[in-house]
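Visitor: Following this message is one structure expressed as structure tokens.
The values are calculated or read from the model by the stated rules, or taken from the named source; none is laboratory data. Please read these numbers as outputs of a predicted model, since none were measured by experiment. Neighbour counts run over all protein chains shown; Cβ positions are idealised from the backbone, glycine included. Accessible surface is based on the protein model in full, side chains and every heavy atom, while ligands, DNA and RNA are left aside. Shrake-Rupley method; radii C 1.70, N 1.55, O 1.52, S 1.80 Å.
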Amino acid sequence: MRSLFLKIFLSFWAAQALFLVLAILVVIALRPTREPGIESLGARVITETVGAYQSGGTGAAGQYLEDLQRTQNLRAFVFDPSGKEIAGRMVFPWIEDMRRIGHIRHHSWLDRFLPERFYRQTQSVDGQSYTLVLEFPPGPRVFGPHGIPSLGITIAVISSGLVCYLLAWSLTSPIVRLRQATQRLAAGDLSARTGAPMRGRRDELAQLMRDFDRMAERIEALMESQSRLLNDVSHELRSPLARLSVALGLARQRATPEAEGALNRIELETDRLNELIQRLLTISRLETGTAGIHKTRLSLRELVEQVARDAEYEAQGRGCRVSAEPTEEYPVEANPDLLRSAIENVVRNAVRYTATGTTVEIRLERRIGDQGEDIVIRVLDSGPGVPDEDLERIFQPFYRIDDARNRQTGGAGLGLSIADRAVRLHGGRVRASNRPEGGLEVEIRIPAAPAFALPAHS
């Protein structure tokens, strides 16, 4: 099918056809069966009717047949050899059809499925052949005002419901696959594909799935190309920086005391470049998935305490403090180096921007998430915060809110980006929000170790 319109149009008529088929099957199933002993009943009716006619004429025969209809609910017509109804009553066309050809002529093919209510029998009485046509009372009606209650509605609901279910499944199945692939792609899985059928299905949804797959392939290729370029450039920069460090060491041996300040400045900028290149290589490995994630069970309490102790030295130089007082072990399955780097980058960023004389707080707690138990690491500072429109952008590489402020603090806009990618490789997520009392709060969610996970409860 080349369009959804055609599929919906044909589904409508398929529902109509299915309704008709089910209705016919129900009518056939409810068709009354011929009662046993009908031949002996017919013979008796013919004999008694002819006897009444011979003894009392047309009136006696008519009276007998009326009594038969009243007592047994059977309408009978008896014809003499010439085709005359011996009771002298008016004969309906369908009764005449039964007498002459043994069945009713159908005006449409649907009439063939209607219940058979007539019976024809021929018998000889006193050497003459008489024909009997019996009309049985109608059986239970399936449709119409006097039909079986709700049967027609039930058949309509079943037939239309079945066709609508198949149509809905056909329409929503590719949408569900597209949604799942979109979620995986948004979570950073560049290999996400919908698996669109190459043949067979050609409607708009299949075309949309194929377009999405082509888009995802293009994005993956561009990201891989960007990561390779970033990795190659970073490696190429390390060689001249290494030579620059060697030259700087030689220059110090021959430098006068007056040149010491300039050489110190060169060494500081060289160290910053080396750190920037190292961060670029880290970003490249995390983006391409070549970081070699080997997870082990570790205690977040110990890891956070180590990061807090290391950050305290930098905090003292800036006139602030770092506080971490976890009360439990909080075990997780993670790569120690990557997770430490993620937490350390967030904490160092908080130390860099918190106000002088304040404390950067690191809190750990348990939370029940969509996939089970999570360990939440919250880093809170008392700095200027971040504009609401930039809260998600600060995790992008090289994104800086205030270039002048970042030059002062030495930031290159890579720390939070590294943290975000490292946490996502562990199946977690990072988000930032402004605190009501001022400052920034960064929340890191990491899935708890299986043995530590608690049953979900409301």
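Visitor: Exactly one condition in (1) modelled with pLDDT of 85 or more; (2) out of contact with any Leu (no Cβ under 7 Å at 6 or more places or on another chain) is false for Ile219; which is it?
Guide: So Ile219 meets the others, but not (2).
Visitor: Next question, about the same structure. Answer with yes or no whether Thr356 is outside any helix (DSSP H, G or I), at pLDDT below 90, of a type in the set (Val, Ile, Thr) and more than 17 Å from Arg424 (Cα to Cα).
Guide: So Thr356 fails the test.
Visitor: When the residues of the range 381-391 are narrowed to those that are of a type outside the set (Gly, Ala, Ser) and surrounded by fewer than 21 Cβ atoms within 10 Å (Cβ to Cβ), which ends up farthest from Glu441 (Cα to Cα)?
Guide: Within the range 381-391, the match that is farthest from Glu441 (Cα to Cα) is Glu389.
Visitor: A further question on this structure: For the range 376-398, what are the residues that are β-branched (Val, Ile, Thr) and either at pLDDT 90 or above or part of a loop (DSSP other than H, G, I, E, B) (or both)?
Guide: Val376, Ile377, Val379, Val386
Visitor: If Ala206 satisfies every condition in (1) among the small types (Gly, Ala, Ser); (2) in contact with a Lys or Arg (Cβ under 9 Å, 6 or more places away or on another chain); (3) closer than 26 Å to Lys7 by Cβ but one, which is the exception?
Guide: For Ala206, the exception is condition (2).
Visitor: Also, I was wondering about something else. Which number in (1) closer than 24 Å to Gly357 by Cβ; (2) open to solvent by less than 70 Å² (accessible area, probe 1.4 Å) marks the one condition that Arg340 misses?
Guide: (1)
Visitor: Among all residue pairs at least 6 apart or on different chains, which show Cβ distances below 6 Å where the first residue, located in the range 68-94, is β-branched (Val, Ile, Thr) and the second is open to solvent by 70 Å² or more (accessible area, probe 1.4 Å)?
Guide: The qualifying pairs are Ile86/Tyr53.
Visitor: On to the next question. With the structure loaded, tell me whether Leu208 is open to solvent by 40 Å² or more (accessible area, probe 1.4 Å) and modelled with pLDDT of 85 or more or whether it fails that test.
Guide: So Leu208 fits the description; yes.
Visitor: Name the residues in the range 154-199 that are open to solvent by 80 Å² or more (accessible area, probe 1.4 Å), within 30 Å of Ile219 (Cβ to Cβ) and not aromatic (Phe, Trp, Tyr), would you?
Guide: Ile175, Arg177, Arg179, Gln180, Gln183, Arg184, Ala186, Met198, Arg199
Visitor: Between residues in the range 220-246 that are not β-branched (Val, Ile, Thr) and residues that are not in a helix (DSSP H, G or I), which pairs lie under 6 Å by C-beta distance while being six or more apart or on different chains?
Guide: Glu220/Leu190; Met223/Leu190
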